[in-house]
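As structure tokens, the structure follows; a few thoughts come after it.
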Amino acid sequence: MLEIIERRVRDKKVVTEPLQLFQQQGRALAPMADSRCDLCGECVPACPTSAISIEGDWSVDAGKCLFCGDCLPACPRDALAFSVEVPAVSDRSSLVLRRNVPLPELRLKLRDEVRKVLGRSLAIREVDAGSCNGCEVEVNSLSNPMYDLERFGIKIVASPRHADMLLVTGPVTRNMLPALMKTYNAMPEPRLVAAMGTCAISGGPFGGTYAAGNGVAEALPVDIYIPGCPPHPRTVLLALLEALGRL
Amino acid sequence: MELLDSLPFPPFGYEEKNGRLHLSVPDDMLRPLVSHLVRKEEGELSNLYYVPNENKVMALVLVPRHGIVVLESELEGEGYPSLTAEVPAANWYEREMMEMSGITPLDHPDPRPLHLHEWPRHVHPLSSAFDKTTKVPFTGEAHHFRKVEGDGVLEIPVGPVHAGVIEPGHFRFSTAGEPILNLEVRLGYVHRGVERSLEGCALNRALRLVERISGDNGVAHALAFCQAVEMSNPVPERAQLLRCIFAEMERIYNHLGDIGGMATDVAFAVPAAEASVLRERMLRLNAKLTGHRLLWGSVAIGGAARDLDEERKDLLEGAMVELGLAFEPLVDSINGSPSFLDRAETTGALSLPMAKDLRATGPVARASGWDRDTRRDFPYGAYERLGFLVPVRREGDVLARLNVKVEEVRESISMVKQCLDHLHAGELRSEVPAPEGFGLGLVEAPRGELVHCVHFKDGKIIRYKVRDPSFCNWPTMERAVLGNIVPDFPLINKSYNLSYAGNDL
């Protein structure tokens, strides 16, 4: 034990990163077409989750996108690039990103009374409703010393009884649906529901089978959609802070 | 061929394909043959499943010194004599076959459903008559857990929603006082219908889905899929080395998480925090090198999808040196703490005979003294050219699993460096002909041996069987916890760190 203390005193390094750093780093980018795109449609069948549409203008549904980049090499004009950062939104339809249309801003429409009750802190219960565990990796990353979620007064709690927010990952499988509903019903009101990751938003690559649904919104009223596959910890952290009105 | 001579009776027919021995056997001979290979030849049952289009039960047995044996058995009726009574490792495979395909292994000792909850007995998701989008209502039939009865026996139900951020699964403990008398693990909560979804799926689409079977083992799953599609067609050397680098980086970040997790579960906060910092640095390195924190999308059919230029190579090499330097003090502080050792030593011990009978794999098997590693025993890609040790421990307890993982991190760092030394300019991908027939992917994932068996017909996937290492290791954990106290369960569970998503599919 003494050795550990000695080593920590010697190293004197703080690894925790300030909030401004997260706000500056640009990551978790979605694909977007530039002016070279002439709507030839080559990228549409290349997308594994049919997230791309060329009706009207080029658009991608960031709630379906796997951020895999399969569309990029499919474009004969090299017009696609991972260039836009999608924030969390409270309205599912604003995750559909269109060319030449301004991106949604990170402004979550939460009811004032909810914010009033929550104050500056937030207790989260996470439920994996069929995720591949990629989202769990990133939720766990939030607790590491670099992101250090708890310094913001945001805590992942063990019981739904203590939780203000239900953070759901996965497409909501048939076998997990009863447990998800029980967890939600065990939470005190007012309660928030956040759908984290492509599966939770739209079912992703697994949705619409005998075993899995098409996302959390089929089962629960969703307040916040956090895009990504899996979402970057920064995206999640900024979404949580915005939900508390602290950005 | 020697193996053929040693069989107790000749098969219907045999064929050598891509270095594998394919035997076709009558369905009532499957049990004695597999049993012979497992008991007399030290073979390991690595997969067992049903192919509806061909009405065949397939068994994959890895026999050391001889190679890979694939047994194919065409069914004459609705069932075949169950293997489980003689080969206990077949238990879950056969229960899965019963519910998913409606095949009856006759005289199976435990014919309860495995992963489908409150599901009608006559509906089978993998049968061709079943429409994969059907929503099947719950039958309301409760699951029957194994009962332990007697004075003072208490049943403790835990899950599927847990206190921490982990995947969902239900644990039913029977205890007398603190010690655990019996544990039944009930899974299936994250069953997403992966195998059915993959049937008829285009290959590029399938790759994206396969990466997401078990997210933290995404590279291993993608690699197994690509091997199955490539069917032993050559892959450029540079791509092989890159695949190896990505696979070892995946192993490093997974093991770092496990090591930190074990420290967390004994409330040893400083090393836990240090390990999570190292892990986060690895995830960021992954993102810098491949554009994805979990390395998804870095493997492609016929090669690699991400290349490392000189700048990235230097970055990776420097990062490996730094990781090596930071890793040792972390290990010293964990292994040098008597209070940690007190919790970890003798806790959750899995004996070697039990590991062999239930067919443990990966770090779990190696910690119990079973010297097995797919990378060395059935080498693929660049592994043949790399020098590495396979760490083995004898004790089978939490500490042994920790130490196996610690040494594997060291070996992986060395393997990444070796790959970087070998990495010369060259092609990144080669064209692969459309697959036909049976494709096999055999990969050592961070959690152990991972098998993908894919059947193609006219360029389409007609049956896709995934066997994640966790599927083999879950039943062994039910044994390892016996006699331990309930508060040690989280630590044992973390030392295993099995995937629920990979198991449930």
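The values are calculated or read from the model by the stated rules, or taken from the named source; none is laboratory data. Since this is a predicted model, take the numbers as computed values, not measurements. Here the Cβ is made from the backbone with ideal geometry for all residues, glycine too, and neighbour counts use every protein chain on show.
For the range A:160-188, which residues satisfy the criterion of being among the β-branched types (Val, Ile, Thr) and over 18 Å from the mean Cα position of the chain (by Cα)? Reasoning before the result, please.
Taking the range A:160-188 as the starting set, the residues that turn out to be among the β-branched types (Val, Ile, Thr) are A:168-169, A:172-173, A:183.
Matches in the range A:160-188: A:173, A:183.
Among the residues of the range B:245-283, what is the count of those that are of a type in the set (Lys, Arg) and either over 25 Å from residue B:382 (Cβ atoms) or within 9 Å of chain A (Cβ to nearest Cβ) (or both)? I'd like the intermediate steps shown before the answer.
Narrowing the range B:245-283 to residues of a type in the set (Lys, Arg): B:251, B:279, B:281.
Retained after the next criterion (residues that are either over 25 Å from residue B:382 (Cβ atoms) or within 9 Å of chain A (Cβ to nearest Cβ) (or both)): B:279, B:281.
Of the residues in the range B:245-283, 2 are of a type in the set (Lys, Arg) and either over 25 Å from residue B:382 (Cβ atoms) or within 9 Å of chain A (Cβ to nearest Cβ) (or both).
For the range A:187-212, give me each residue that is touching a strand residue (DSSP E or B) at 6+ places or on another chain (Cβ under 8 Å) and either surrounded by fewer than 22 Cβ atoms within 10 Å (Cβ to Cβ) or more than 9 Å from every other protein chain (Cβ to nearest Cβ) (or both).
Selection gives A:187, A:191, A:192, A:193, A:194, A:195, A:196, A:197, A:200, A:201, A:202, A:203.
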Residue in the range B:171-183 that is surrounded by fewer than 19 Cβ atoms within 10 Å (Cβ to Cβ), in contact with a Lys or Arg (Cβ under 6 Å, 6 or more places away or on another chain), part of a loop (DSSP other than H, G, I, E, B) and touching a residue at least 40 places away in the same chain (Cβ under 8 Å) present: no
task: Considering each residue of the range A:147-176, count those that are closer than 20 Å to residue B:216 by Cα, at the interface with chain B (Cβ under 8 Å from one of its Cβ atoms) and hydrophobic (A, V, I, L, M, F, W, C), and give that number.
output: 0
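Can you tell which of B:106, B:75, B:71, B:83 is under 24 Å from residue B:22 (Cβ atoms), among the aliphatic types (A, V, I, L, M) and surrounded by fewer than 21 Cβ atoms within 10 Å (Cβ to Cβ)?
Details: B:106 fails: under 24 Å from residue B:22 (Cβ atoms); B:71 fails: surrounded by fewer than 21 Cβ atoms within 10 Å (Cβ to Cβ); B:83 fails: surrounded by fewer than 21 Cβ atoms within 10 Å (Cβ to Cβ).
Just a single option satisfies the conditions, and that option is B:75.
Given the criteria free of Cβ contacts under 8 Å to residues at least 60 places away in the same chain and either within 14 Å of chain A (Cβ to nearest Cβ) or of a type in the set (S, T, N, Q) (or both), does residue B:329 qualify?
Considered against the rule, which asks whether it is free of Cβ contacts under 8 Å to residues at least 60 places away in the same chain and either within 14 Å of chain A (Cβ to nearest Cβ) or of a type in the set (S, T, N, Q) (or both), residue B:329 comes out as yes.
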- prompt: Can we say residue B:185 is closer than 30 Å to residue A:208 by Cβ, more than 14 Å from chain A (Cβ to nearest Cβ) and modelled with pLDDT of 90 or more?
  reply: yes
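Mind listing whichever residues of the range A:70-111 are closer than 30 Å to residue A:244 by Cα, out of contact with any Leu (no Cβ under 8 Å at 6 or more places or on another chain), modelled with pLDDT under 85 and not charged (D, E, K, R)? Reasoning before the result, please.
Within the range A:70-111, the first condition is being closer than 30 Å to residue A:244 by Cα, and the residues that meet it are A:82-98, A:101-111.
Narrowing the set further to residues that are out of contact with any Leu (no Cβ under 8 Å at 6 or more places or on another chain) leaves A:91-96, A:98, A:101-102, A:105, A:107-109, A:111.
From the residues that got through so far, the ones that are modelled with pLDDT under 85 too are A:101-102, A:105, A:107-109, A:111.
Listed by number, the residues that qualify are A:101, A:102, A:108.
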task: Scan the range A:31-38 and give yes if some residue there is assigned to a strand (DSSP E or B) and within 14 Å of another protein chain (Cβ to nearest Cβ), otherwise no.
output: yes
- request: Output the residues belonging to the range A:53-64 that are under 21 Å from residue B:207 (Cα atoms) and assigned to a loop (DSSP other than H, G, I, E, B).
  value: A:62, A:63, A:64
- request: Return yes when residue A:121 is touching a Leu at 6+ places or on another chain (Cβ under 8 Å), under 30 Å from residue B:163 (Cβ atoms), among the hydroxyl-bearing types (Ser, Thr, Tyr) and in contact (Cβ under 8 Å) with a residue 40 or more places away in the chain and no when it is not.
  value: yes
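So which residues in the range B:373-399 are assigned to a loop (DSSP other than H, G, I, E, B) and basic (Lys, Arg)?
The initial filter retains those residues of the range B:373-399 that are assigned to a loop (DSSP other than H, G, I, E, B), namely B:373, B:378-380, B:386-397.
The answer is B:393, B:394.
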field: Unique residue being among the hydroxyl-bearing types (Ser, Thr, Tyr), more than 28 Å from residue B:444 (Cα to Cα) and touching a residue at least 12 places away in the same chain (Cβ under 8 Å) when the list is B:35, B:6, B:46, B:73
entry: B:6
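Has the range B:407-427 got at least one residue that is basic (Lys, Arg) and within 24 Å of residue B:232 (Cα to Cα)?
no
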field: Leading residue by the ranking (surrounded by the most Cβ atoms within 10 Å (Cβ to Cβ)) among those in the range A:99-142 that are of a type in the set (Asp, Glu) and facing chain B (nearest Cβ under 8 Å)
entry: A:128
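Could you list all residues from the range B:317-352 that are closer than 30 Å to residue B:428 by Cβ and buried (at least 19 other Cβ atoms within 10 Å of the Cβ)? Reasoning before the result, please.
Quick first cut of the range B:317-352, residues closer than 30 Å to residue B:428 by Cβ only: B:317-324.
Listed by number, the residues that qualify are B:319, B:320, B:323.
Among the strands (runs of 3 or more DSSP E) lying completely within the range B:400-505, list those that include at least 2 residues that are within 19 Å of residue B:376 (Cα to Cα).
Answer list for the range B:400-505: B:437-445, B:448-457.
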query: Is it true that some residue in the range A:214-234 is in a strand (DSSP E or B) and crowded, with 24+ Cβ neighbours inside 10 Å?
result: yes
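To keep it simple, each residue is scored yes or no on (1) surrounded by fewer than 24 Cβ atoms within 10 Å (Cβ to Cβ); (2) touching a helix residue (DSSP H, G or I) at 6+ places or on another chain (Cβ under 6 Å); (3) more than 14 Å from chain A (Cβ to nearest Cβ).
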position	(1), (2), (3)
B:418	yes, no, yes
B:421	yes, no, yes
B:439	yes, yes, yes
B:449	no, yes, yes
B:487	yes, no, yes
B:499	no, yes, no
field: Filter result (within 14 Å of another protein chain (Cβ to nearest Cβ) and aliphatic (A, V, I, L, M)) within the range A:81-98
entry: A:81
